[in-house]
Amino acid sequence: MKVLITAGPTREPIDPVRFLGNRSSGRMGYALAEACVHAGHEVLLVSGPCELDVPGHVDFIPVETAADMFEAVRRHLGRMDAAVFAAAVADYRPARPADRKIKKQAETLTLELVRNPDILGSARGEFGFRGTLVGFAAETESLEANARDKLRRKGCDLVIANDVSRPGLGFESDRNRVLLVYPDHSEALPEDDKHQLAHKIVREIEGLRSGASKAP
Ligand code: CTP
């Protein structure tokens, strides 16, 4: 199958030398890209700035901002069989990035932020995507309920939920523990290395594609 994967953080410019970012390392998305290639799938990886090597045999589109990522996904999603949105997209960006470096003046500085487009949330409606749609949910409370709500709102077939309040797992870590949330049931995977988890997740996506029914 042809799979689009978003990964990494986005960077939202404040001025020519500063940005708003987040702690996403991109490891989960890159591990998924590698696992997909290993399973014989064609991969397009749309990635924010990461310090990771791009996996071999992957088509790669580097992006900086959420708006860049939105545009890359909009252009390529139509020919994909499945899409996995693993990127940690900034929900807000500075309303008016300065075109020169902001010099320090007063004791406080207020930045006005505006909402970024929801890329995953645009897949079904605005982009008309009919393939298998997989999102991620990073939650600090009510993991399953929040993930299930996200699954419904964004029209996903699967949401991979992780509890980001647990130190040493998830963001900036090699390991993660996730809950797979489907429309009709959930399944907890044991804590594992992100590469092992990626292989399991790819098998779940293949299962969704083949219509394999899973026990609720
Ligand atoms: N996502 C996206 N575009 C955005 C924001 C998020 O594609 N502008 C995707 C992420 O890649 C992830 C999922 O949506 O697959 C996360 O959904 P989101 O509602 O942003 O979840 P949280 O980041 O947990 O934010 P919140 O709980 O505040 O809604």
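In table form, for the structure just shown:
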| read-out | value |
| --- | --- |
| For Asn146: the one exception among (1) more than 8 Å from the ligand (Cβ to nearest atom); (2) under 23 Å from Leu179 (Cα atoms); (3) of a type outside the set (A, V, I, L, M) | (1) |
| Of residues in the range 84-103 being more than 10 Å from the ligand (Cβ to nearest atom) and among the hydrophobic types (A, V, I, L, M, F, W, C), the one farthest from Pro49 (Cα to Cα) | Ile102 |
| Tabulated pairs, the range 201-215, first on the phi > 0 side of the Ramachandran plot, second in a helix (DSSP H, G or I) and at pLDDT 95 or above, C-beta under 9 angstrom, 6+ apart or interchain | none |
| Strands (runs of 3 or more DSSP E) (entirely within the range 54-100) containing at least 1 residues that are under 25 Å from Leu113 (Cβ atoms), more than 17 Å from the chain's Cα centre (by Cα) and touching a residue at least 24 places away in the same chain (Cβ under 8 Å) | 92-94 |
| Candidate set from the range 110-143 (those that are farther than 19 Å from Ala82 by Cα and at pLDDT 95 or above); member that is farthest from the ligand (Cβ to nearest atom) | Thr110 |
| Checking Pro183 against (1) modelled with pLDDT of 95 or more; (2) under 17 Å from the mean Cα position of the chain (by Cα), the condition it does not meet | (2) |
| Answer residue from the range 7-43, given it is in contact with a helix residue (DSSP H, G or I) (Cβ under 6 Å, 6 or more places away or on another chain) and not in a helix (DSSP H, G or I) and is surrounded by the fewest Cβ atoms within 10 Å (Cβ to Cβ) among those | Ala39 |
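The values are calculated or read from the model by the stated rules, or taken from the named source; none is laboratory data. None of these values were measured; they are calculated from a predicted model. Methodologically, a virtual Cβ is constructed for each residue, glycine included, from the backbone with ideal geometry; neighbour enumeration extends over all protein chains shown.
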